[in-house]
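J.: The structure under discussion is supplied below as structure tokens; questions concerning it will follow.
The values are calculated or read from the model by the stated rules, or taken from the named source; none is laboratory data. As the structure is a computational prediction, the values presented were derived from the model and not from experiment. For neighbour counting, all protein chains shown are included, and Cβ atoms are generated from backbone atoms with ideal geometry for every residue, glycine included. Quick note on the areas: whole protein, heavy atoms, side chains included, nothing else; ligands and nucleic acids left out. Shrake-Rupley method; radii C 1.70, N 1.55, O 1.52, S 1.80 Å.
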Amino acid sequence: MTQCSSQAPDSSAGERGAALIIVLLLVASLSFIIVAMTDRLSISVRRTGAVAVRDVLIWQTVGLEAFARQAIGELARSSEEVRSVYSLENPLFRAPVALPVNRGEGEIQFSDGGRCFNVNSLATTSSGPGQSGERDVDQGQTGDGQTGTTVSPAQEFRALVTSIGLGAPEAERLIAVVRDWVDADTIQGVGGAEDNLYTLLPTPYRTGGQRLAEISELRAMDGVNAETYSALKLILCALPTNERPSLNINMLRPQDAPLLVGATGGRLSAAAATDVIASRPPGGWKTVGEFLALPALQPDPEDQVNFSDRFDIRSTFIDVRGTASAEAIDIDVRLLFNAEGGNVRLLRRRIGEAA
């Protein structure tokens, strides 16, 4: 009897120890479950917040586009009615505009979308190299009844890029490469580059076969390195047309002097172009004729180059850059409108995270 009574406490203690272990295991298991649930809940909350911020940004971009369209429409209609000019002094173009929003922040900046050289204008309409109507213009044959030769896209491009420090051979090479990139055939022009070159690269690709959608496509073209592209992107653009928009003489800034050099076919030097821009009267030139009457733009009897059609006092294209912000997230909005004739049409929309 004494031996049996001495073993009973040991059995009871073992059972209590086992129960304690089971309880601890249950607590540990529940802790893991709670931690997992907390993580999932946190992820769900973050996702819900992100969706809410995304919705705010989407509505901000929609509002930004609507505001831009209305503002440009009012400017275009009023300008057509009174034949007024578009100038840098106009409040719409003077400085960025802060937009009132319920949550977050918004900002918008208007600028002349045609204050650049449209690289798509270098495209030729013929299948063979050098067989476009442009050659006739270069040789002085015009069919518009005006005196003198007009400045062709190639002539303008040569004068433009050489004014920023690139050599004439490099300008010719760029013209050929761009033309091969945008044409639909695979016939390589003199100095150009076609699919037979690009498909042999370590990362092969093909030419676009159509107009450039973004000026950044130049970076993929043969011979356009980072340094060349950095210089070109400041004066070139890729508009959704093969035409060259006339330069609004009242929207030019001193840094736009190369554009004026190009538009005159190299008649003006960079220094002379800068002086012409600096001579703009307050409120801008009222007519193109008033601008062309400047001494520096008088025709040269020896070449009789006619560049009057390259200038205007209004802007056909209006570029809009905006930023929508919410919860420390910024979204960049880029819009391009055509405001010709008082009608406003959206030509391009690009929305993405601000760089």
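J.: Take Arg206 and tell me if it is loosely packed, with under 15 Cβ neighbours inside 10 Å and of a type in the set (Lys, Arg).
T.: yes
J.: Could I ask something else about it? When you go through Arg267, Arg219, Arg244 one by one, which is the residue that is under 28 Å from Leu346 (Cβ atoms) and either of a type in the set (Val, Ile, Thr) or surrounded by 20 or more Cβ atoms within 10 Å (Cβ to Cβ) (or both)?
T.: Arg244
J.: When you go through (1) in a loop (DSSP other than H, G, I, E, B); (2) of a type in the set (Ser, Thr, Tyr); (3) in contact (Cβ under 8 Å) with a residue 12 or more places away in the chain one by one for Thr203, which number turns out not to apply?
T.: Result: Thr203 fails condition (3) only.
J.: Restricting to helices (runs of 4 or more DSSP H) lying wholly in the range 242-355: which have 1 or more residues that are more than 22 Å from the chain's Cα centre (by Cα) and without any contact (Cβ under 8 Å) to a residue 24 or more places away in the chain?
T.: 270-278, 288-292
J.: Scan Ala184, Ala193 and give me the residue that is at pLDDT below 95, over 27 Å from Leu260 (Cβ atoms), in contact with a Phe, Trp or Tyr (Cβ under 8 Å, 6 or more places away or on another chain) and among the aliphatic types (A, V, I, L, M).
T.: Of Ala184, Ala193, the one residue that is at pLDDT below 95, over 27 Å from Leu260 (Cβ atoms), in contact with a Phe, Trp or Tyr (Cβ under 8 Å, 6 or more places away or on another chain) and among the aliphatic types (A, V, I, L, M) is Ala193.
J.: Hey, any hits in the range 283-299 for a residue that's acidic (Asp, Glu), touching a strand residue (DSSP E or B) at 6+ places or on another chain (Cβ under 7 Å) and open to solvent by 50 Å² or more (accessible area, probe 1.4 Å)?
T.: Looking for residues that are acidic (Asp, Glu), touching a strand residue (DSSP E or B) at 6+ places or on another chain (Cβ under 7 Å) and open to solvent by 50 Å² or more (accessible area, probe 1.4 Å), one finds none in the range 283-299, hence no.
J.: Next question, about the same structure. So, of the residues in the range 230-241 that are open to solvent by less than 40 Å² (accessible area, probe 1.4 Å) and not in a loop (DSSP other than H, G, I, E, B), which turns out to be nearest to Leu347 (Cα to Cα)?
T.: Restricting to residues being open to solvent by less than 40 Å² (accessible area, probe 1.4 Å) and not in a loop (DSSP other than H, G, I, E, B), the top hit is Cys237.
J.: What are the residue pairs meeting all of these: first residue in the range 164-190, first residue on the phi < 0 side of the Ramachandran plot, second residue in a helix (DSSP H, G or I) and small (Gly, Ala, Ser), Cβ atoms under 8 Å, and 6 or more apart or on different chains?
T.: Short answer, once both residue conditions are applied: Ile164/Ala231; Leu166/Ala231; Ile175/Ala154; Gly189/Ala176; Val190/Ala176.
J.: Mind listing just one residue for me: the one in the range 58-106 that is of a type in the set (A, V, I, L, M, F, W, C) and part of a loop (DSSP other than H, G, I, E, B) and, of those, surrounded by the most Cβ atoms within 10 Å (Cβ to Cβ)?
T.: Ranking the candidates gives Val85 first.
J.: Regarding the range 85-101, can at least one residue be identified that is closer than 30 Å to Leu174 by Cα, of a type in the set (A, V, I, L, M) and at pLDDT 90 or above?
T.: Taking every residue of the range 85-101 in turn, none turns out to be closer than 30 Å to Leu174 by Cα, of a type in the set (A, V, I, L, M) and at pLDDT 90 or above.
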